[in-house]
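Peer 1: First, the structure itself, so that you have it in front of you.
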Amino acid sequence: MKILIITETFLPSIDGVVTRLTAAIKHLRQLNHEVVVVAPDLGEVSLEGVTVEKVKARKLIFYRYRPFALPQRKVKELLLKHNPDLVHVVNPALLGATGVYYAKKLGYPLIASYHTHAPKYLDYYPWYKPFKPLLWSYFRKLHNMASINLCTSKAVQEELIEKDFNNVHLWKRGVDIQKFHPDHATEEMRLKLSNGNPIKKLLLFVGRLAAEKEIHKLKPLLEKRKDVQLAIVGDGPAREHLEEVFQGTNTFFTGFLQGEELAEAFASSDALIFPSVTETLGLVILEAMAAGLPVIAAKSGPTMEQVTDEQTGLLFENENTESLTQALEKLDNQELYNELSQNARLEAEKFSWTEPSQQLVEFYNELMQLKYNHKLVQ
């Protein structure tokens, strides 16, 4: 099978979408499927056996943090050049919108996957909030041009179905349980993350620094618990603002970490703190659990699918400092902490990338069968 994947983000950028996508692509190559990726040109890409067609990307006026590839006719040229058996558009929005349009126009079987809750993000940007219904309509129109739609949590699946998205399926989660492991803890990394205070309780945040991640909600906790150190791993448009917000608190901004350093960061901390309620999944939760970290997470549909309160982590009420403080206080119980840590690792071991990657192959096979049945009808 020849598969052409059109994505709004790809290597060398690192995020949950790219992690899931590269795992799936490696699995496809192991099965000898041919894979072509059309993606924004964000730098050098090295992925063995995969053709990567990079298209021009630019920074947008309303989002200067990273470049995006805009809708462009080149997508049509690449579809005709490679003539795939099917097209998978990942997170259709800009570049992906032309992927959906031309795949449909040229008659290629089309599957789309939903990874970013962009309409929900608008709640955190008051000047854009009035456009929320329009954005839902836009994404619904794009996704409903696909024969099969995928999303990454049951909660989002239910929401998309409620919003009249067609044929929405759950694409299961996974994690690299060798890369993320308790054994990767180091004294050097803990010293770095704790800003020289390794005896403090070390909470780790990993992700893009943006308003919708709600990182600012953690400041009252740090003001109340002077024995707590927060390490913020990542970068993004809100970094400068957050550095001002957390000035004077026990907070250390590391910038981006990846590969071995990121694995060490997870394993060298005491808990992952996850304040966002806008995620379609939150892959870092499973990565932290694989590293043996209890997760302290704000209650939302996707987080409650991954974290079982007082078994693999602790849940708190969104925007409730008292609830967050009480959750953290439970970690002071060493017996409970050890139990949460062990349970988190055991839970993560159930989720390698093999199953979700093979599941994607099955969705592709289903799409090809739909194409075959359609030809028979004609």
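Peer 1: Identify all residues within the stretch 80-112 that are among the hydrophobic types (A, V, I, L, M, F, W, C), over 21 Å from R58 (Cα atoms) and under 27 Å from the mean Cα position of the chain (by Cα); write none if there are none.
Peer 2: Kept after step one, since they are among the hydrophobic types (A, V, I, L, M, F, W, C), are these residues of the stretch 80-112: 80, 86-87, 89-90, 93-95, 97, 100, 103, 106, 110-112.
Among the residues that remain, those that are also over 21 Å from R58 (Cα atoms) are: 80, 86-87, 103, 106, 110-112.
Matches in the stretch 80-112: L86, V87, A103, L110, I111, A112.
Peer 1: Further question on the same structure: Residues that are more than 25 Å from H181 (Cβ to Cβ), crowded, with 21+ Cβ neighbours inside 10 Å and in contact (Cβ under 8 Å) with a residue 24 or more places away in the chain: does the stretch 337-349 have at least one? So that I can check it myself, show each step before the final result.
Peer 2: At the first step, the residues of the stretch 337-349 found to be more than 25 Å from H181 (Cβ to Cβ) are none.
There is no residue in the stretch 337-349 that is more than 25 Å from H181 (Cβ to Cβ), crowded, with 21+ Cβ neighbours inside 10 Å and in contact (Cβ under 8 Å) with a residue 24 or more places away in the chain.
Peer 1: So which residues in the stretch 278-331 are over 22 Å from R173 (Cβ atoms) and touching a residue at least 12 places away in the same chain (Cβ under 8 Å)?
Peer 2: In the first step, residues of the stretch 278-331 are kept if they are over 22 Å from R173 (Cβ atoms); the result is 317, 319-331.
Correct list: E317, E319, T321, L324, T325, A327, L328, K330, L331.
Peer 1: In the stretch 1-56, how many are under 19 Å from D176 (Cβ atoms) and assigned to a strand (DSSP E or B)?
Peer 2: Here the count works out to 0.
Peer 1: When the residues of the stretch 233-258 are narrowed to those that are more than 16 Å from L324 (Cβ to Cβ), of a type in the set (A, V, I, L, M, F, W, C) and in contact with a strand residue (DSSP E or B) (Cβ under 8 Å, 6 or more places away or on another chain), which ends up surrounded by the fewest Cβ atoms within 10 Å (Cβ to Cβ)?
Peer 2: Out of the qualifying residues, it is F256.
Peer 1: With K120, K129, K141 as the choices, which residue is crowded, with 18+ Cβ neighbours inside 10 Å and either at pLDDT 95 or above or farther than 16 Å from L86 by Cα (or both)?
Peer 2: Working: K129 fails: crowded, with 18+ Cβ neighbours inside 10 Å; K141 fails: crowded, with 18+ Cβ neighbours inside 10 Å.
Criteria check complete, one pass: K120.
Peer 1: Now for a separate question. Considering the stretch 32-75 alone, what residues qualify as being within 17 Å of A112 (Cα to Cα) and not small (G, A, S)? Walk me through how you get there before you give the answer.
Peer 2: The first filter runs over the stretch 32-75 and keeps only residues within 17 Å of A112 (Cα to Cα), leaving 35-39, 71, 75.
Correct list: V35, V36, V37, V38, P71, V75.
Peer 1: Something else: Give the stretch 339-358 a look and list any residue that's within 18 Å of the chain's Cα centre (by Cα) and outside any helix (DSSP H, G or I), or say none.
Peer 2: Keep residues of the stretch 339-358 that are within 18 Å of the chain's Cα centre (by Cα), which gives 348, 351-357.
Within the stretch 339-358, F351, S352, W353 meet the criteria.
Peer 1: Just to verify a result, which residue in the stretch 49-72, among those that are in contact (Cβ under 8 Å) with a residue 60 or more places away in the chain and closer than 13 Å to L95 by Cα, is surrounded by the fewest Cβ atoms within 10 Å (Cβ to Cβ)?
Peer 2: Going through the qualifying residues, I end up with F68.
Peer 1: For the condition farther than 11 Å from I5 by Cα, at pLDDT 95 or above, assigned to a loop (DSSP other than H, G, I, E, B) and of a type outside the set (D, E, K, R), what is the one hit in L70, L80, L134? So that I can check it myself, show each step before the final result.
Peer 2: On the way: L80 fails: assigned to a loop (DSSP other than H, G, I, E, B); L134 fails: assigned to a loop (DSSP other than H, G, I, E, B).
None of the other options fit; the residue is L70.
Peer 1: Is it the case that the stretch 92-107 has a residue that's of a type in the set (S, T, Y), assigned by TED's automatic domain parsing to the domain that holds V17 and touching a His at 6+ places or on another chain (Cβ under 9 Å)?
Peer 2: For the stretch 92-107, residues of a type in the set (S, T, Y), assigned by TED's automatic domain parsing to the domain that holds V17 and touching a His at 6+ places or on another chain (Cβ under 9 Å): absent.
Peer 1: Turning to a different aspect of this structure: If you scan the stretch 20-48, which residues turn out to be exposed (fewer than 13 other Cβ atoms within 10 Å of the Cβ) and either under 21 Å from A97 (Cα atoms) or aliphatic (A, V, I, L, M) (or both)? Even if it seems obvious, please write down each step before you answer.
Peer 2: Of the stretch 20-48, the ones exposed (fewer than 13 other Cβ atoms within 10 Å of the Cβ) are 30-32, 43-44, 46, 48.
Scanning the stretch 20-48 gives a single hit, L31.
Peer 1: Here's something else I'd like to know. Looking for whichever is closer than 23 Å to E305 by Cα, of a type in the set (S, T, N, Q) and out of contact with any helix residue (DSSP H, G or I) (no Cβ under 8 Å at 6 or more places or on another chain) here; the options are S113, S153. Which one fits? Working first, answer last.
Peer 2: Details: S153 fails: out of contact with any helix residue (DSSP H, G or I) (no Cβ under 8 Å at 6 or more places or on another chain).
None of the others qualify; the one that does is S113.
Peer 1: Tell me which residues, restricted to the stretch 303-338, are among the polar types (S, T, N, Q), assigned to a loop (DSSP other than H, G, I, E, B) and closer than 14 Å to G292 by Cα. Spell out the reasoning first.
Peer 2: Within the stretch 303-338, the subset among the polar types (S, T, N, Q) is 303, 306, 308, 311-312, 318, 320-321, 323, 325-326, 333-334, 338.
Narrowing further to those that are assigned to a loop (DSSP other than H, G, I, E, B): 308, 311-312, 318, 320, 333.
Those that are among the polar types (S, T, N, Q), assigned to a loop (DSSP other than H, G, I, E, B) and closer than 14 Å to G292 by Cα: Q311, T312.
The values are calculated or read from the model by the stated rules, or taken from the named source; none is laboratory data. Being a predicted model, the structure only gives us computed values, none of them experimental. FYI the Cβ positions are ideal-geometry reconstructions off the backbone, even for glycines, and counts take in every protein chain you see.
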